[in-house]
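The values are calculated or read from the model by the stated rules, or taken from the named source; none is laboratory data. Nothing here was measured: the structure is a model prediction, and the numbers come from that model. Positions of Cβ are backbone-derived with ideal geometry, glycine not excepted, and every protein chain shown enters the neighbour counts. Surface accessibility is based on the protein's heavy atoms, side chains included, excluding ligands, DNA and RNA. Shrake-Rupley method; radii C 1.70, N 1.55, O 1.52, S 1.80 Å.
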Amino acid sequence: MLLPLLMQTATMRADDYSTMHAEKIYNPMLWADVPDPDVIRVGDTFYLVSTTMHLMPGAPVMASKDLKNWETVGYIFDKLTDSPKYDLSFSLPLDQQEGKEGVGTVYGRGQWATSLKYHDGKFWVLLAPNEMGAMGDTYIFTAPKAEGPWTIHSRLRHFHDATLFFDDDGTPYVFFGTGEMCQLSRDLKSVVEGSLRHYFNREEDERGLLEGTRVIKRNGTYYALLISHVFGQGRHRREVCYRTNDLKAEKWEKQVILQSDFGGFSYLAQGTIVDTEEGDWYGIMFQDRGGVGRVLTLSPCRWIDGWPMLGDENYKVPDVMRPYKSGLPEKAIVKADDFSSEKLGLHWQWNHNPVDNAWSLSERPGFLRLKTNRVVPNLYLAPNTLTQRMEGPTCTGSISIDVSKMKDGDCAGFSAFNGDSGVLTLKKKGKKLFLEMSEQKVSLTEREKAVTNVDEKVIETVELTSNLNSKTPYLYLRITGDFQPGHNDAANFFYSLDGDHWTQIGTKDYRMIFDYRRFFMGSKFAIFNYATKKAGGYIDVDNFDYKKGNNQ
């Protein structure tokens, strides 16, 4: 067995990050919001799917040859269309919302916990939006290759945090919820009558989470991996495993396979294990990391007494590991962009479904044009807000935009976007243009996720009209993020009139947060443009510059 080489390292400084030796994986393996992972290997390539909820296109598929360098290679779907909620198009005052179909948003809802499999020469995906009624029905998609194109194969009842599993004879099953399972028909279009059953009962003190099922089969034994959260002295969030040699067995054996804190944060769990071509195994689990979101860690997986035990020799997530393969080119899931391509890069996602005729890469080649197309009251209801993940340990995103075609009442800019957002907003007021740095907090109803209020606190305002003219109508905006332990997930905001000299504006060390009751995701870089008076204006974004590591 060629077990991964584990190494010890001192606490890493941000300015060390960009100069790290290429042959090391520093955990977190992906220091960005990549929750609910499922990972499989097909040939020499590992494929990973994750949750992106209200972002479109959705259910990203990432690929890697070495478990170090990942890139997004496709999405399962471009849009979800079960309700106008996915379009941000139906918003009414709170007192008029009762009983109205489609009112609200899908913030924190949408696509959840996707399961990825490869069977009979095809890729298969199962996902269930975290919604009630028909919006929550399970999707099964299939594709000839991981990059797509993906097509809807069937719709079934809702299965929470489910995994699709094909037995050796091809019989399909769904494992879901807390210890529930059922058999599917061979064509994956219905549930076999009478097959629904519980294969375990939770322990008495497992009153918290017990979900996120992933199932594999090895040497004739079935293994179901789940996250478990127990309460009591010395009890923590952990990954547990149930195993059996017979899917119809009344009692499955149980083992805790990972109970480890990591990196100055609390305990981690939920994910899966995957093998290499040589027969070695790795575990990929996520950890809640505050404002950056839920990040992925990589651990060795050692089979001890028939159990897939995760972690180093002390059963802890290691700080550093050696890549599965050496010398492969660097790849990333967050990227700079000059918008010179004919298609929008796979590293971008829209907030809710985009309005396709209100953005363009062709109307002004080399620029992303964002056009206002409806009047909205705030950023959280604005269509065509374009996002990318923020990353740790530190990151910097900058945009340059042509603001000459903004109209009175238009709001455009750049944000560290979440339920609580730090926002740089260009506001056109008559013929004058102002830049505001504000802190914005959205309130949502519990069930429909309808926007009921946005608390906007303007910290600093700068008038820009006298500094911009028709020959140089460009403004440069920058946001830095610091997600190092003890740095309070700090964002800072800057602007420039020439792209060289930068001025800080507004809140210093704005604290980004993770809030599971609203967005349920990490902070994103977000580029936006919306109208508050009359549609028809637009901005042209020249480029998005990005650097991971040192902010300076």
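Scanning segment 525-544 for residues that are open to solvent by 10 Å² or more (accessible area, probe 1.4 Å) and part of a strand (DSSP E or B) turns up Tyr530, Tyr538, Asp542, Asn543. Against the conditions (1) crowded, with 18+ Cβ neighbours inside 10 Å; (2) assigned to a strand (DSSP E or B); (3) of a type outside the set (Gly, Ala, Ser), Leu346 satisfies every one except (2).
Strands (runs of 3 or more DSSP E) fully within segment 404-480 that include at least 1 residues being open to solvent by less than 40 Å² (accessible area, probe 1.4 Å) and among the hydroxyl-bearing types (Ser, Thr, Tyr): 410-417, 420-429, 432-444. Applying the condition of being over 30 Å from the mean Cα position of the chain (by Cα) and at pLDDT below 95 to segment 250-270 and asking which residue is nearest to Glu203 (Cα to Cα) yields Lys251.
Picking from residues in segment 256-277 that are assigned to a loop (DSSP other than H, G, I, E, B) and in contact with a Pro (Cβ under 7 Å, 6 or more places away or on another chain), the one that is most open to solvent (accessible area, probe 1.4 Å) is Gly264. In this structure, does Pro149 turn out to be within 20 Å of the chain's Cα centre (by Cα), in a loop (DSSP other than H, G, I, E, B) and modelled with pLDDT of 95 or more? Spelling it out, it is not the case that Pro149 is within 20 Å of the chain's Cα centre (by Cα), in a loop (DSSP other than H, G, I, E, B) and modelled with pLDDT of 95 or more.
Scanning segment 278-326 for residues that are assigned to a strand (DSSP E or B), more than 21 Å from the chain's Cα centre (by Cα) and in contact (Cβ under 8 Å) with a residue 12 or more places away in the chain yields a total of 12. Just one of the numbered conditions (1) closer than 25 Å to Lys547 by Cα; (2) open to solvent by 20 Å² or more (accessible area, probe 1.4 Å); (3) in contact with a Gly (Cβ under 9 Å, 6 or more places away or on another chain) is not true of Arg302: (1). Please verify whether segment 508-530 includes one or more residues that are over 29 Å from Gln111 (Cβ atoms) and out of contact with any Gly (no Cβ under 9 Å at 6 or more places or on another chain). Scanning segment 508-530 turns up at least one residue that is over 29 Å from Gln111 (Cβ atoms) and out of contact with any Gly (no Cβ under 9 Å at 6 or more places or on another chain). Each residue in segment 9-36 was checked for being hydrophobic (A, V, I, L, M, F, W, C) and at pLDDT 50 or above, and 7 of them qualify. Return yes when Pro60 is at pLDDT 95 or above, assigned to a loop (DSSP other than H, G, I, E, B) and either touching a strand residue (DSSP E or B) at 6+ places or on another chain (Cβ under 8 Å) or among the acidic types (Asp, Glu) (or both) and no when it is not. So Pro60 fails the test. Among the residues that make up segment 106-116, is at least one of them over 20 Å from Met53 (Cα atoms), open to solvent by 10 Å² or more (accessible area, probe 1.4 Å) and assigned to a loop (DSSP other than H, G, I, E, B)? Among the residues of segment 106-116, not one is over 20 Å from Met53 (Cα atoms), open to solvent by 10 Å² or more (accessible area, probe 1.4 Å) and assigned to a loop (DSSP other than H, G, I, E, B), which makes the answer no. Being at pLDDT 95 or above, surrounded by fewer than 18 Cβ atoms within 10 Å (Cβ to Cβ) and in contact with a Ser or Thr (Cβ under 8 Å, 6 or more places away or on another chain) is a property that Val174 lacks. Scanning segment 358-370 turns up no residue that is in contact with a Gly (Cβ under 9 Å, 6 or more places away or on another chain) and open to solvent by 20 Å² or more (accessible area, probe 1.4 Å). Looking only at segment 354-379, residues that are part of a loop (DSSP other than H, G, I, E, B) and of a type in the set (Gly, Ala, Ser) come to 2 in all. Restricting segment 308-332 to residues that are in contact with a Lys or Arg (Cβ under 7 Å, 6 or more places away or on another chain) and at pLDDT 95 or above, the residue that is surrounded by the most Cβ atoms within 10 Å (Cβ to Cβ) is Met309.
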